[in-house]
1. Using alpha-carbon positions, what is the distance between the centroids of region 137-155 and region 54-107, in Å?
2. Using modelled backbone amide H atoms (1.01 Å from N, in-plane), which distant-in-sequence or interchain residues come within less than 5 Å of Val208's amide H?
3. Let me know the charge dipole size of the chain about its Cα centre in debye, to the nearest 20, where only the beta-carbon of Lys, Arg (+1) and Asp, Glu (-1) is charged.
4. From the helices alone, meaning DSSP H stretches of at least four residues, give me the mean residue ellipticity at 222 nm for the chain, per-run term -39500 (n - 2.57), in deg cm²/dmol to the nearest 500.
5. Running a GNM on the chain with Cα contacts under 10 Å, which residue among Glu210, Glu56, Glu235 ends up with the highest mean-square fluctuation?
6. Cα atoms only: what Rg and Dmax, in Å, come out for region 149-304?
7. Once Lys and Arg get +1 and Asp and Glu get -1 on their Cβ, which of Gln291, Trp31, Gly153 lies farthest toward the positive end of the dipole of the chain?
8. I need the semi-axes of the equivalent ellipsoid of the chain: take the C-alpha gyration tensor, multiply each eigenvalue by 5, square-root it, list largest first in whole angstrom.
Amino acid sequence: MSESVIETLPVASAAPRKVTRKDLTGEHSTWCPGCGDFSVLALYLKLLEKRQFPQESVANVAGIGCSSRFPYFVQTNGVHYIHGRALPFATGISLTRPDLHVFVFGGDGDGFSIGGNHTTHTARKNVNMTYVVMDNWVYGLTKNQTSPTSPLGSKTKTDIWGSVDQPINPIKQLLAAGATFIARTSSTNPNHLLQMMEAAVDHEGFGVIECLSECVHFNPGSFDAASPRTNGKFELIPASHDVTDEEAAYKLAAAPFPGYFGIFYKSSRPTKNKLEADIITAQQSKTQGKQDWEIMQASFGKMK
Ligand SMILES: Cc1ncc(C[n+]2csc(CCOP(=O)(O)OP(=O)(O)O)c2C)c(N)n1
Ligand code: SF4
Ligand SMILES: [Mg+2]
């Protein structure tokens, strides 16, 4: 299917029904066998089933990339949009359809290079949605180019002698941008991944999860150091960490790879959704009983 395809499901039926994994499963996933993204999908389906979110109450939005093929594999409302532009599209849905659970799935390239500005602005606006970045340190779909999170020295098609550009630290970037929920997990730790997705869904505002998700085709073994299964270390954020302490979160985020996993930061800053809804309610109360043309006439009158 081409870019910019919108799939919609019928409006909710009156009678509640049990939401099953079978209902939620979409097209057969086309990822390479062993790709970390499978785990994210499996846990996401588990989350929707556990929370009994009806299919029609969910919107999954994605840009372009292997990871961004996500909406095809889930049978809910879904949008496969333009590379790096999933967040503004999802913002429109979130602001106009408060009845929907809005999720965005995508890659490190989608979210931190071409869509980097949109990540920053969605974070500062604190738009209510859950954003899962499946970080594999590479452009997978386009067959192995350096991504903004590729470590120094990565040998890719665009850096055949090894990359020389300082990689982005997604957690620091998100903190600086003003995201109100920031977590880090790995596709190799299903329990933790589900836990982080649940916490993000429960958060009122822009909840972002950086999920290490191995590209077994172009970057095999890249995250071995982050998993005990491959003699690595999956170190949780210390229980003593105050998630409202931004500076402490920065310090944790600065730890060298594999770093820490868990919730780095959480704040209860009001969402754009709430702030705009309040403005609309206040303005509507001033114009109650007036015809549309009267409101327009008054607006134009002010411009004279
Ligand atoms: C405007 C635009 N520029 C470039 C591309 C080519 N392109 C498609 S996916 C991609 C990178 C995807 O990398 P990432 O977001 O990390 O996803 P992954 O495939 O690794 O999951 C690029 C450069 C495009 N589709 N559209
Ligand atoms: S190329 Fe990499 S990221 Fe894409 S499906 Fe294959 S393993 Fe996954
Ligand atoms: Mg990638």
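1. After rounding, the separation between the Cα centres reads 24 Å.
2. Long-range HN contacts for Val208: Tyr131, Phe181, Ile182, Ala183.
3. Working: 28 positive and 28 negative charges, 80 e Å.
Once rounded to the nearest 20, the dipole reads 380 debye.
4. Computed ellipticity for the chain at 222 nm equals -9500 deg cm²/dmol.
5. Looking only at Glu210, Glu56, Glu235, the biggest GNM fluctuation is shown by Glu235.
6. When restricted to Cα atoms, region 149-304 yields Rg and Dmax of 22.8, 72 Å.
7. Gln291
8. 35, 23, 20
Every read-out reported here was derived from the displayed coordinates using simple, explicitly stated rules and does not represent laboratory data. From a predicted model like this one, the values you see are computed outputs, not experimental measurements. Glycine also receives a Cβ, built like all others from the backbone with ideal geometry; neighbour counts cover every protein chain displayed.
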